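Student: First the structure, then my questions, so here it is.
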Amino acid sequence: MSALPQERRLITAIPGPKSQELQARRSAAVAAGVGSVLPVFAARADGGIIEDVDGNRLIDFGSGIAVTGVGASAEAVVRRASAQLADFTHTCFMVTPYEGYVAVAEALAELTPGDHAKKSALFNSGAEAVENAVKIARIHTKRQAVVVFDHGYHGRTNLTMALTSKNMPYKQGFGPFAPEVYRMPMAYGYRWPTGPENCGPEAAAQAIDQISKQVGADNVAAIVIEPLLGEGGFIEPAKGFLPALSEFARDNGIVFVADEIQSGFCRTGQWFACEDEGIVPDLITTAKGIAGGLPLAAVTGRAEIMDAAHAGGLGGTYGGNPVACAGALGSIETMKELDLAARARHIETVMKARLGAMQEKYEIIGDVRGRGAMMAIELVKDPTTKEPNPEATAALAKACHQEGLLVLTCGTYGNVLRFLPPMVIGEELLNEGLDILEQAFTRI
């Protein structure tokens, strides 16, 4: 049960006067390059609600970008993290280790796909996890090339900017980028020239052909892919694409890396999105939903690959911080106890029905897609040409924000509204959020 009333409440305009005061302070003190979707300053959050400093309560369809799946103050997360906080905040695992780090690594070995021997290394952020997965793949294979895909997003460090597909705002002006990164076509069913039914096999054949000819399979250390794309537009790779790539990797000694940073931890209705087509990755990167809002990330994978790096070759001062590890154990406890994978599948059933009905009514909705509590709609100017409609997307998001529904946009063309409600959101709030979205369509 949440201590915060699970009801939308608007008592001022959005943003309210106290948020506006804080925004003025922020503008003076915080670098302009750090953006915010909505300049509403949070005071409390839990379940499906964010309460701001003015006392407004917003329905949360963002989960801090897929982080607070268990809620933003889940009892088990708070309890375990508070207990750890009282014992010690830090010793550095590389100096004097502690049990929490080991317990998280054990939990990841149990939960991630595959029954092979697995090991983990813990870090602070998704970008760090991806960067370390590449390091591990390179030292294991003694190769350098890394293959990524159109519309992919992997982070904001120098290497992960190189891996990321979209220029603005992630890469613009920040180069030069890390070398030996090769981008291949993505199986984007909605925009595939010969139609979604042909997309998986055709895109896989095209990608494999390009890797073989342009890079050489023997030069590739890793194939890095999101099993359900995040920032790129919640694109679900067309069926058959991931299995074909995984098989190609296996046949050529390439490390297959599933980037599950946004899609992991029950978000898609399974513990990990790659389970949908039975993919068992060599390495899997996780972050976001892992620790109920505390900064933690991991690379988990085949023991022999994970052990390829020399002692001292992996690590970082804060990696696997004890308080964050305690939060992760609380978050995993909550996911198991409440069966949040099943809850995410229920959210998908509700959202697909409602969004499908809206698509029939408004031809601006070109595509409804996603899995579990990771759903999206792609907005177009014309359903025939599929020309992206970023203007309508921005207007709809703004209209939702004004009515107290927090939604996020994404997509290479800026024309996707994405929905990431906490898996613990109540039924009434979920439907009320969808009502607000529908009313926004009516107005716009």
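Student: Does the chain classify as rounded, prolate or oblate by the C-alpha gyration tensor (a ≥ b ≥ c root eigenvalues; a/c under 1.5 gives rounded; else a/b over b/c gives prolate, otherwise oblate)? Could you put the intermediate results ahead of the total?
Tutor: Working: a/c = 1.65, a/b = 1.15, b/c = 1.44.
In terms of gyration-tensor shape, oblate.
Student: Calculated FRET efficiency, Ala29 and Arg156, Cβ-Cβ r, R0 25 Å, to nearest 0.05?
Tutor: Given R0 = 25 Å and the Cβ-Cβ separation, E is 0.75.
Student: Work out the charge dipole of the chain with +1 on the Cβ of Lys and Arg and -1 on the Cβ of Asp and Glu about the Cα centre, then indicate which of Val134, Leu434, Ala328 is farthest towards its positive end.
Tutor: Val134
Student: Related question: Treat the count of other C-beta atoms within 10 Å as a stand-in for reagent exposure and order Tyr101, Tyr153, Tyr182 from fewest to most.
Tutor: On the way: Tyr101 21, Tyr153 26, Tyr182 16.
So the ranking, lowest neighbour count to highest, is Tyr182, Tyr101, Tyr153.
Student: If the chain between Ser36 and Ala357 were fully stretched, how many nm would it gain, using 0.36 nm times the residue separation less the Cα-Cα distance? Each step should come with its number before you reach the end.
Tutor: Numbers: separation 321, 0.36 × 321 = 115.56 nm, distance 3.09 nm.
Result: 112.5 nm gained on full extension.
Student: Another question about this same structure. So if I take the centroid of the Cα atoms in the stretch 375-444 and the same for the stretch 281-335, what is the distance between those two points in Å?
Tutor: The distance from the Cα centre of the stretch 375-444 to that of the stretch 281-335 comes to 32 Å.
Student: By per-residue mean of other Cβ atoms within 10 Å, what is the highest-first order of 314-323, 230-239? Before the final figure, lay out each step's value.
Tutor: Working: 314-323: 20.1, 230-239: 24.6.
Highest mean packing first, the order is 230-239, 314-323.
Student: Moving to a separate point now. For Lys118, give me every one of the aspartates and glutamates with a C-alpha distance below 12 angstrom, ignoring sequence neighbours fewer than eight places off in its own chain.
Tutor: Partners within reach: Glu106, Glu110, Asp282, Glu304, Asp307.
Student: If neighbour count is taken as other Cβ atoms inside 10 Å, put Asp339, Asp276, Asp52 in order from fewest to most.
Tutor: Values: Asp339 12, Asp276 19, Asp52 25.
Going from sparsest to densest Cβ surroundings: Asp339, Asp276, Asp52.
Student: Now for a different question. Quick one: if the Förster radius is 22 Å, what FRET efficiency do Asp87 and His310 give, using the C-beta to C-beta distance and rounding to 0.05? List each step's numbers first, then the result.
Tutor: On the way: r = 32 Å, r/R0 = 1.44.
According to the calculation, E is roughly 0.10.
Student: Let me ask something additional. Among the listed pairs Lys336/Lys398; Lys166/Lys213; Lys135/Lys239, which have their C-alpha atoms separated by more than 26 angstrom in this model? Provide the component values of the computation, followed by the final result.
Tutor: Working: Lys336/Lys398 35 Å; Lys166/Lys213 24 Å; Lys135/Lys239 29 Å.
Beyond 26 Å between Cα atoms: Lys336/Lys398; Lys135/Lys239.
Student: Next question, about the same structure. Show me the ranking of peptides 135-143, 206-214 by mean Cβ neighbours inside 10 Å, starting with the highest. Could the numbers behind the result be given before it?
Tutor: Values: 135-143: 19.8, 206-214: 15.3.
Ranking, from highest mean packing down: 135-143, 206-214.
Student: Within the chain, which whole H helices from DSSP have a Cα span along their axis of at least 20 Å and a mean Kyte-Doolittle hydropathy of -0.5 or more, if any? Don't skip to the answer; put the middle values down first.
Tutor: Numbers: long enough: 126-141 (22 Å, 0.09); 196-210 (21 Å, -0.69); 322-338 (24 Å, 0.66); 340-361 (31 Å, -0.32); 427-443 (24 Å, -0.34).
TM-like helix candidates: 126-141, 322-338, 340-361, 427-443.
Student: Among Cys325, Cys266, Cys400, determine the one that fluctuates most according to a GNM of the chain built with springs between C-alpha atoms less than 10 Å apart.
Tutor: Fluctuation is largest for Cys400.
Student: Report the full-extension gain for the segment Phe174 to Ile11: residue separation times 0.36 nm, less the Cα-Cα distance, to one decimal in nm.
Tutor: Stretched fully, the Phe174-Ile11 segment lengthens by 54.5 nm.
Student: Tell me, in nm to one decimal, what length is gained between Ser212 and Thr385 on full extension, where the rule is 0.36 nm per residue of separation less the Cα-Cα distance? Before the final figure, lay out the partial values.
Tutor: Details: separation 173, 0.36 × 173 = 62.28 nm, distance 3.28 nm.
Value of the extension gain: 59.0 nm.
Student: For a footprinting-style exposure proxy, rank His154, His116 by other Cβ within 10 Å, fewest first. Please list the in-between numbers first.
Tutor: On the way: His154 32, His116 12.
With the fewest neighbours first, His154, His116 line up as His116, His154.
Student: Let me ask you something else. Top mean-square fluctuation among Pro227, Pro281, Pro201, Gaussian network model of the chain, C-alpha springs under 10 Å?
Tutor: Pro201
FYI, it's all coordinate maths here, none of it is from the lab. The shown structure was predicted, so the numbers you read here are calculated from the model rather than taken from an experiment. Note that each Cβ is placed from the backbone with ideal geometry, even for glycine, and that neighbours are counted across all protein chains shown.
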